[in-house]
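Colleague: Pasting in a structure now, in structure tokens, and then I'll have a few things to ask.
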Amino acid sequence: MTDSLFLRACRREPTGTTPIWLMRQAGRYMPEYRAIRARHSMLDAIRTPELACEITLQPIRAFALDAAIIFADILPILIGMGLDLEFVKGEGPVITNPVRSPADADALRTPPAEENLPYTLDAIRLVRRELDGRVPLIGFSGAPFTLASYAIEGGGSKNHVRVKSFMLSEPDAWNRLMDKMATVVGDYLVAQAEAGAQALQVFDSWAGALSPADYRAHALPYARRVVERAQSTSVPVIYFGTDLNGMLPLLRETGADVIGVDWRIAIDDAWAQLGDGVAVQGNLDPVTLFAPWPQVQRRADDILARVAKRPGHIFNLGHGILPETPVDNVRRLVDYVHERSAAMEAS
Ligand code: CP3
């Protein structure tokens, strides 16, 4: 299993065939997933290890993917901290008692992962048994900044006015809040590796809302802390965010083994800015998959040509796969990346 294409690429070893998995690969574009969600709420599916296991395996059965990612979400970690989370149909996640003051931040608890998220740790153990070494399993968490954004905004946000105002006007409370986030996230990542996750991805989805100076001062130190704690387990760590292309060299300071890049930059350009000694994951625009196959193929070719077999490339989308993505294009993309990259090696 340590020999899998995916884990070898995380370590920047040559792989011959380029590994591919897709962020949010278990989800609504799959009829099998919709069938389960018709009968169970999002939180029930996450909290029932048998259901989370089944959903995790759906894309692995359907496509020749090189890694599984545990079915969970970045937000349930906030529940044990004292926040009331709901997934509202058509609206997404909502927190009904968001953090709006230093006192709210100081009231948050920091329970250990075994207490806070036992169901996901159980699901990881179950999936590892079911996978039986077929492909490695990725665990994940939100990064401290992105979780703080949800905790303070109370849901998704366009301009991140509340979280950034809190950060700038309450610097001490901000540091205490981020310290708590880093504690629970670091603990959760370590617990996932101990339960059997063979790689860990840290989603800093909203860090791109920050200027480079604010990212460096107010988010990066905590991202680095959780990456370091995760690496203490010796599994590779992937750090991913969107809209971060103006600060790629800074992302290296997280210390992550792999940096995930979105599609707003050419992958070779991103890699040149990131420098040596790091693997790169990405970066097909998820909307490409809605185009006719020849277009998908051209763009996949372009990414593979730009990478030119540099060791340490993990093919992925530049952000999560979208609902209603044509399943047939997903299947063809996965197979094509394998065939084309293997042929490039041979020629
Ligand atoms: O990659 C995977 O297949 C693993 C599962 C996974 C989910 N969420 C399941 C999910 C992962 C890795 C996530 C991460 C996540 N969750 C992020 C970071 C990644 C990113 O996209 O930037 C964020 C910001 C969230 C928070 C979240 N969860 C939002 C904003 C939403 C609503 C929007 C949406 O896509 O529906 C969710 C719900 C969610 N999480 C769904 C899934 C499959 C859809 C639930 C459903 O309606 O069935």
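The values are calculated or read from the model by the stated rules, or taken from the named source; none is laboratory data. The model shown is predicted, which means the values in this text are computed figures rather than measured ones. Here the Cβ is made from the backbone with ideal geometry for all residues, glycine too, and neighbour counts use every protein chain on show. Please note that ligands, DNA and RNA were not included when accessible areas were found on the heavy atoms of the full protein model with its side chains. Shrake-Rupley method; radii C 1.70, N 1.55, O 1.52, S 1.80 Å.
Colleague: Of the GluC sites (Glu not before Pro) in the stretch 53-116, which ones lie in a loop per DSSP and count no more than 11 other C-beta atoms within 10 Å?
Modeller: GLU91
Colleague: In straight Cα distance, which aspartates and glutamates are under 15 Å from LYS180, not counting same-chain residues fewer than 8 positions off?
Modeller: Once the sequence-local aspartates and glutamates are set aside, what remains near LYS180 is ASP104, ASP106, ASP172.
Colleague: Report the net charge of residues surrounding LYS89, where surrounding means a beta-carbon distance below 12 angstrom and charges are Lys +1, Arg +1, Asp -1, Glu -1.
Modeller: Numbers: positive: ARG28, ARG37; negative: GLU86, GLU91.
The answer is 0.
Colleague: Cβ under 13 Å from SER205's Cβ, SER205 left aside: what net charge do those residues give with Lys, Arg +1 and Asp, Glu -1?
Modeller: In short, -4.
Colleague: Also: Carbon and sulfur: what percent of the stretch 35-277's accessible surface (1.4 Å probe)?
Modeller: With neighbouring chains kept in place, the figure for the stretch 35-277 is 48 percent.
Colleague: Separate question: Give me the dipole magnitude in Debye, nearest 20, for the stretch 1-82 about the Cα centre, with unit charges on the beta carbon: positive for Lys and Arg, negative for Asp and Glu. Provide the component values of the computation, followed by the final result.
Modeller: Details: 10 positive and 8 negative charges, 41 e Å.
Rounded to the nearest 20 debye, it is 200 debye.
Colleague: Under 13 Å from the Cβ of GLU345, count the other residues' Cβ atoms, weight Lys and Arg +1, Asp and Glu -1, and hand me the total.
Modeller: Net local charge, GLU345 excluded: +2.
Colleague: On a 0 to 90° scale, report how tilted helix 171-195 is relative to the longest principal axis of the chain, with both axes built from alpha carbons and the result rounded to the nearest 10.
Modeller: 50
Colleague: Another one. Say each of ARG34 and ALA305 gets a label point 7 Å from the Cα, pointing the same way as Cα to Cβ; how far apart are those two points in nm?
Modeller: Rounded to a tenth, the inter-label distance reads 3.6 nm.
Colleague: If exposed trypsin sites (Lys or Arg not before Pro) are those in a DSSP loop with at most 16 other Cβ within 10 Å, what is the longest stretch of the chain that has none?
Modeller: That gives 159-263 as the longest site-free run.
Colleague: Could you tell me what percent of the DSSP beta bridges with both partners in the chain are antiparallel, to the nearest 5?
Modeller: The antiparallel proportion sits near 20 percent.
Colleague: For a test of the definition: using alpha carbon positions, the gyration tensor, and the 1.5 limit on a/c, classify the stretch 35-277 as rounded, prolate or oblate.
Modeller: Oblate is the answer for the stretch 35-277, as a/c is 1.5 or above yet b/c matches or exceeds a/b.
Colleague: Here is a follow-up. Could you give the nm distance between label points at VAL287 and ASP44, where each point is 7 Å from its Cα heading toward the beta carbon?
Modeller: If labels sit at VAL287 and ASP44, their model points lie 3.5 nm apart.
Colleague: The stretch 72-143 to the stretch 198-262: how many Å between their Cα centroids?
Modeller: The stretch 72-143 and the stretch 198-262 have Cα centres spaced 19 Å from each other.
Colleague: Which of the listed residues, ALA62, ASN245, GLY255, is farthest toward the dipole's positive end in the stretch 35-277, when Lys, Arg count +1 and Asp, Glu count -1 at the beta-carbon?
Modeller: Of ALA62, ASN245, GLY255, it is ALA62.
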